[in-house]
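Here is the structure we will look at, set down as structure tokens.
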Amino acid sequence: MPFRIEVQDTYSVVKRLVPEGQTMCSLCSRLRRGVLYRVARELGATKIALGHHRDDILETFFLNLFFGGKMKAMSPKLQSDDGQHVVIRPLAYVAESDLEAYAEAKRFPIIPCDLCGSQPTLQRKQVKQMLREWEKRHPGRVDSMFRALSNLTPSHLMDRRLFDFAAVRASGHASGQGDKAFD
């Protein structure tokens, strides 16, 4: 199968634009995504596959929750903002540890992101450690949290764009959903 390796110096751009001590991830990610979209256009491709796995998705969820005030993660499939591409994440349901074991068994080289690795206090690293500690203390917790991303009950959250709370009225009949909550 033919392949192309695209080499871009995003590091010097990020180092120039991001103040010392600030997280580089957001700008680095946007620059890399821009390169992917450009190369896809050059190749006439409309689908872009990314290697994000289950743990990346959970880490992103908690980063958005803790630092962005949003309940948002990464979906397995989405349309780009300009509508020109579909981004897929075929590894979205695979645990990072399973991918690591498979890569080791197949002797695949692992190419870390040196830019991210150069920042020891990254929030993503802290969230990753938090998830590992939770899983160690409570086996199955990570799987449960991941399942929760696919099992939402908008009427029990607070987003008025997802549920019309103003229209809620007593009907005199059981709804089936009820007001059950985990205490």
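The values are calculated or read from the model by the stated rules, or taken from the named source; none is laboratory data. Everything numeric here is computed off the predicted structure, so don't read it as measured data. Don't worry about glycine lacking a Cβ; one is built from the backbone with ideal geometry, like all the others, and counts go over all protein chains shown. Each accessible area value is taken on the protein alone, full model and side chains, heavy atoms only, with ligands, DNA and RNA left out. Shrake-Rupley method; radii C 1.70, N 1.55, O 1.52, S 1.80 Å.
Per residue, the solvent-accessible area of segment 38-91 (1.4 Å probe, heavy atoms of protein chains only, all protein chains present) comes to 58 Å².
Taken about its Cα centre, the chain carries a charge dipole of roughly 220 debye when the Cβ of each Lys and Arg holds +1 and the Cβ of each Asp and Glu holds -1. Rounded to the nearest Hz, the phi-derived 3J(HN,Hα) couplings of segment 61-75 under the Karplus curve 6.51 cos²θ - 1.76 cosθ + 1.60 (θ = phi - 60°) are 4, 5, 4, 5, 5, 6, 10, x, x, 10, 9, 8, 10, 10, 8, where x marks glycine and proline. For residue 125, no lysines have a Cα closer than 16 Å to its Cα, not counting residues fewer than 8 places off in the same chain. Since only 25, 45, 165 are under comparison, the one whose Cα sits farthest along the positive direction of the charge dipole of the chain, derived from C-beta charges on Lys, Arg, Asp and Glu, is 45. Spin-label pair residue 20-residue 164: with each label point 7 Å from Cα along the Cα-Cβ axis, the two points sit 5.7 nm from one another. Computed over protein heavy atoms with a 1.4 Å probe, the carbon and sulfur contribution to the accessible area of the chain reaches 56%. Amide H contacts under 5 Å for residue 48: 86, 87, 88, restricted to partners 5 or more places along the chain or on a different chain, H placed in the peptide plane at 1.01 Å from N.
A protection proxy built from the mean count of other Cβ atoms within 10 Å ranks the segments 91-98, 58-65, most packed first, as 58-65, 91-98. In the set [x] 41, 22, 15; [y] 35, 21, 13; [z] 35, 22, 19, the label that goes with semi-axes √(5λ) of the Cα gyration tensor in Å computed for this structure is [z].
Report the gain in length on full extension from residue 100 to residue 141: 0.36 nm times residue separation, minus Cα-Cα distance, nm rounded to one decimal.
Length difference between fully extended and current span is 12.8 nm.
Checking the cross-link pairs 15/136; 47/72; 47/106 against a 28 Å limit on the alpha carbon distance flags 15/136 as lying beyond it.
Here the gap between residue 41 and residue 126, fully extended at 0.36 nm per residue and compared with their Cα-Cα distance, gives a gain of 27.0 nm. Over the residues of the chain, the helix contribution to mean residue ellipticity at 222 nm works out to -12500 deg cm²/dmol, using -39500 (n - 2.57) for each DSSP H run of at least 4.
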